[in-house]
1. Among the listed residues G350, G360, identify the single one that is within 23 Å of the chain's Cα centre (by Cα) and at pLDDT 95 or above.
2. I need a count of the residues in the stretch 72-105 that are β-branched (V, I, T), touching a residue at least 40 places away in the same chain (Cβ under 8 Å) and within 22 Å of G360 (Cβ to Cβ).
3. For N300, state whether it is within 25 Å of T135 (Cα to Cα), in contact with a Leu (Cβ under 7 Å, 6 or more places away or on another chain) and not acidic (D, E).
4. Go through the stretch 267-295 and give me each residue that's surrounded by 17 or more Cβ atoms within 10 Å (Cβ to Cβ) and in a loop (DSSP other than H, G, I, E, B).
5. Being basic (K, R) and either in contact with a Phe, Trp or Tyr (Cβ under 6 Å, 6 or more places away or on another chain) or assigned to a loop (DSSP other than H, G, I, E, B) (or both) is the filter here; which residues of the stretch 108-125 pass it?
6. Say we look at the stretch 374-383 and pick out the residues that are modelled with pLDDT of 95 or more and aliphatic (A, V, I, L, M); which of these is farthest from V359 (Cα to Cα)?
7. Would a scan of the stretch 395-410 turn up a residue that is crowded, with 24+ Cβ neighbours inside 10 Å, under 30 Å from T237 (Cα atoms) and out of contact with any strand residue (DSSP E or B) (no Cβ under 6 Å at 6 or more places or on another chain)?
Amino acid sequence: MLYVSTRNKNQQFPFSRAVLSGLAPDGGLLLPQTIPFLPTTWYQELPKLTFHQIAQTMLTPYLQGEFSEETIATIITEAFTFPVPLISLTERLHILELFHGPTLAFKDFGARFMAQVFKRLAQQLGREITILVATSGDTGSAVAHGFWRQEGIRVILLYPAGMVSTTQEHQLTGYGENITALRVQGTFDDCQRLVKTAFQDKELRQHRLMTSANSINIARLLPQMLYYAAAVAQLATPNFPVVMAVPSGNLGNLTGGIIAWKMGLPITHFIAALNTNDVFKEYLTTGRFSPREARPTLSNAMDVGHPSNLERLRSLFNENHYHLQETVSAISATDAQTLQTIRQVYQEYGYLLDPHGAVGWFATQDIYLRNRFGDAHWVVLATAHPAKFNPVMQQAIGKEISIPLRLQRILQRPTSVISISATYTHFREFLFDLPS
């Protein structure tokens, strides 16, 4: 499998070059040259397959030529060590819980997969790999846990000061050793800009082998296909239409779902569930992309005003805006609506949604979509454990919830963080001063 730039499909790279580069040389994002289409008969067998079996079939085409089938199987076994349960609140309304990994967020899927891949690439190269990660919360903590103490890998986390929860910040800063946390005096978009600028800095790239673990890296996206298939596999009546509500910020989660759909996974429609940072909704409506400064919300991991993966989505749909509109809808929720949704679902079903999952649930209640897909299975991706957002839960339901033991252990660790400005010059100096 070769990978191509979203800006020039004549630029082609093998998997190792694609994941080590992060971005294409022309600044574009990388996508598989072709999306393999799996036979309908395989999807009919999904309910009989384990998650590891699903992962082996879906990931192998993308990794062939780089790793043997045995190595791919080992990567999958070591990366995905936790369940992906589908919780049915009604016959047709379901929650796919993606927070059973070690950092209690869906980002564990991508981060742990990448850690296994990069560990093997560092061994092959015999050289340290520096991973730059812009994070609005959950990505960074998942990467920190997945890559901590991995030999030959250094991780630099950039997160916006004052725009992640206290729990998330502790998860970002509680590792040390080969993990460095940078508190950036700016927004997530500033963090993302610093990372992208570093990748385009030729002198810096000659000095240091750098890549990213953000969703700009194709290795982060590929494992995000898998839980969409796991959801369909667990539906009691999978022949009904399936609508996926996807909490969305940088649009990586949605892009992973679209790739799975292009592989033949029987999903009828996607909903990009947004908070008030709704530039993607505006784009779907008008066809014009107008990025703007991100605004802080209760669903902070979705506070993105310039979503990178829109470029991938447009490429996957061959710039056919009508086809994208037919496949994906966008619904946005205010903080007040997010709180009301958490409260309502808890009162009616006894189920606790985190602020991001609550935005997803809110999106499924849209009257137009209900009329359009009334007989569908509605699957909401619950992307993080509500215990990571206890101040919000207190506000919504009047009480805090217990913190799982694996999160308690992280919160007890000492923290270490460096504050920097959002100026690229300062970030560049920091990277040059790091020992190689």
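1. G360
2. So the answer is 4.
3. So N300 does not fit the description; no.
4. I267, N275, T276, N277, D278, A294
5. Within the stretch 108-125, no residue meets the criteria.
6. V379
7. So far as the stretch 395-410 goes, no, none of its residues is crowded, with 24+ Cβ neighbours inside 10 Å, under 30 Å from T237 (Cα atoms) and out of contact with any strand residue (DSSP E or B) (no Cβ under 6 Å at 6 or more places or on another chain).
This table checks each residue for (1) more than 30 Å from S165 (Cα to Cα); (2) surrounded by fewer than 23 Cβ atoms within 10 Å (Cβ to Cβ); (3) of a type in the set (A, V, I, L, M, F, W, C).
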| position | (1), (2), (3) |
| --- | --- |
| F188 | no, no, yes |
| F199 | no, yes, yes |
| N217 | no, no, no |
| P223 | no, no, no |
| Y228 | no, no, no |
| A233 | yes, yes, yes |
| M263 | yes, yes, yes |
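The values are calculated or read from the model by the stated rules, or taken from the named source; none is laboratory data. What you are looking at is a predicted structure, and each value in this text was computed from that prediction instead of being measured. Here the Cβ is made from the backbone with ideal geometry for all residues, glycine too, and neighbour counts use every protein chain on show.
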